[in-house]
Amino acid sequence: MLKVDDDDKKVRGHARSASENRDFREATKRDALNQLRQELDNLIEDAPAENQPKLKSELSNGFAKLFMRFLEEEGPSVNWESIERLPGDAVIDYNTLKTPTTDLIHQMLSKLIVVKLNGGLGTSMGCHGPKSIISVRNNLTFLDLTVQQIEHLNKTYKTNVPLVLMNSFNTDEDTEKVIRKYKNLNVEIHSFNQSCYPRINKETLLPIAKSPNFEDDLEAWYPPGHGDFYQSFKNCGLLRKFLDKGREYCFISNIDNLGATVDFNILDLLLNPNHKDIKHEFVMEMTDKTRADVKGGTLIQYEHKLRLLEIAQVPKEHVDDFKSVKTFKFFNTNNIWAKLDAIDRVLAENKLNMEIIINNKSLGNGLNVIQLETAVGAAMKCFDGGIGVNVPRSRFLPVKKTSDLLLVMSNLYNLKNGSLVMSHQRMFPTTPLVKLGDTHFAKVHEFLGRFATIPDIIELDHLTVSGDVTFGAKVSLKGTVIIIANHGDRIDIPSGASLENKIVSGNMRILDH
């Protein structure tokens, strides 16, 4: 079982025999599960009659099963010594994939739907509402860019690829308001909500929710991670709808990954494999690991199946092995391609078994709670013919921090039909490593206020900025640039300044050139 914070302490008391310990644990588990079910039943009964069937499906079925597994599964989900060497054909080199003809692309796109995971808020970057409505380039949001991409695809290939948004209760209302502005575009947009689960008191293992209406107490509820996609997609009826219309595959990605566009070569691999008897039900896009990606999940062979290994599953004594670029060369971009009828089959056979992520949190009132979550990529082991594809770094362009925002807003990229394309002026394909201090740059409005214009970073390798630093207009940064204003000091980089392989510190202004 995954643990984000493994702070469990075993209390030493009177010695018990193994059987006594086992009986005691089993009894406490039964009590915890029975008490939880009673609490869930109370929440369901308190809901309006029209809401009870949905609530029962989510709580009595989905959440209760997750909680039961949480109680039953002890010890690590992966035995490190049992990890097998990846087979030679486990990860396909993207460069070996063939490019399909325009006619074939038109046919293939009729089999595809695009899913964007849209459950996250922009709070970590100091923004209110869904992260997908943060402006990232030319006053266009993540959602604007996504819709532009799909509209261009549909117009160019005379097709109708649907866009599906998986919202959470945090993002649903605001997203529905925003997508109205796209109604006259050539994009068929669907949305559905992932499940809404109650947070658990860490001490009592009981739900802290007192009302079935999450709006009464938002802190008492949470969306259980993007691994919830499969069941919620089926529950809302969209899985059956698209299967009936002849759609075969879905392409799933995070809405804040601006590199996650529909790729024809991968789609061709799925729909027109070299060997007709091979059907890849699940494809995970991997890219080369760098020192900046050492915590990213990777692919392993385990119990004769490919599966995702996350750092939270790794025993402490093997964390350095996991982070090694030599040992694990690739990491998961969370760009997933999955066969729709395989999703339907796995769910029908009750074989969807993803590792549980235990996310420990402290609420504003000091209460310690547990969130039980799952990750979409962890379902890989449940499907047949799963493979990884080693894709170019350009397929992974997430915006998690303002340092990422600096990259996508800069002249490093050109915007074309909703997609960011690296400038041909960049001499090498890697992106610069940018580190901006949390105190002055973490929030979007603070970040924007510190740049008169975004600097020219075409020739930048590494940028570190810490402290009270501002940038004038038309600043150029090249090579390695480190700017550190000590506490109480301020550094103003003047307009037109060109910094190449410079270290700037103290309390100063750089003179105009």
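The values are calculated or read from the model by the stated rules, or taken from the named source; none is laboratory data. All values reported here derive from a predicted model rather than from experimental measurement. Ideal geometry is used to build each Cβ from the backbone, glycine not excepted, and the neighbour counts take in all protein chains shown. All accessible areas refer to the heavy atoms of the entire protein, side chains included, with ligands and DNA or RNA removed. Shrake-Rupley method; radii C 1.70, N 1.55, O 1.52, S 1.80 Å.
Note down the net charge around GLU151, summing +1 for each Lys or Arg and -1 for each Asp or Glu among other residues with Cβ under 15 Å from its Cβ.
+4
Which net charge results for the neighbourhood of ASN501, defined as the other residues with beta-carbon distances under 14 angstrom from its beta-carbon, given Lys and Arg at +1 and Asp and Glu at -1?
So the surrounding residues net to -1.
Might you tell me the accessible area per residue for the chain, computed with a 1.4 Å probe and given in Å²?
Accessible area per residue: 49 Å².
Which order do you get for ASP461, ASP438 if you rank them by accessible area with a 1.4 Å probe, largest at the top?
Final ranking, largest accessible area leading: ASP438, ASP461.
Once ligands and nucleic acids are excluded and a 1.4 Å probe is used, how much of THR123 is accessible, expressed in Å² to the nearest 10?
Rounded to the nearest 10, the figure is 90 Å².
Relative contact order (percent) for the chain, with alpha-carbon contacts under 8 angstrom and 6 or more residues of separation?
After rounding, I find 16 percent.
Rounded to the nearest 10 Å², what accessible area does ASP41 have for a 1.4 Å probe in the complete protein model?
60
Roll a 1.4 angstrom probe over the protein heavy atoms and tell me the percent of accessible area of the chain that is carbon or sulfur.
48
Rank these by accessible area, largest first, 1.4 Å probe: TRP80, TRP337.
TRP80, TRP337
How much net charge surrounds PHE192 when only the other residues with a Cβ under 15 Å from the Cβ of PHE192 are counted, with Lys and Arg +1 and Asp and Glu -1?
Once positives and negatives cancel, what remains is -1.
Go through CYS196, ALA260, LEU238 and say which Cα lies farthest out towards the positive end of the charge dipole of the chain; charges sit on Cβ, +1 for Lys and Arg, -1 for Asp and Glu.
Of CYS196, ALA260, LEU238, it is ALA260.
Computed from these coordinates, which is percent of Cα pairs over 36 Å apart: (1) 38; (2) 41; (3) 52?
(1)
Would you work out which of GLN52, ASN42, MET68 lies farthest towards the positive end of the dipole of the stretch 30-72? Charges go on Cβ: Lys and Arg +1, Asp and Glu -1.
MET68
For the chain, with only Lys/Arg (+1) and Asp/Glu (-1) charged at the beta-carbon, what is the dipole magnitude about the Cα centre, in debye rounded to 20?
Here the size comes out at about 900 debye.
Report the GluC sites (Glu not before Pro) located in the stretch 214-323 that are in a DSSP loop and have at most 14 other Cβ atoms inside 10 Å of their Cβ, or state none.
Counting only loop positions with at most 14 other Cβ atoms within 10 Å, the GluC sites (Glu not before Pro) in the stretch 214-323 are GLU303.
How many nm separate the modelled label positions at LEU104 and LYS181, each set 7 Å beyond the Cα in the direction of the Cβ?
Taking the simple label geometry, LEU104 and LYS181 are separated by 3.9 nm.
Pairs of Cα atoms under 8 Å, at least six residues apart: use those to get the relative contact order of the stretch 420-469, whole percent.
Reported as a whole number, the value is 51 percent.
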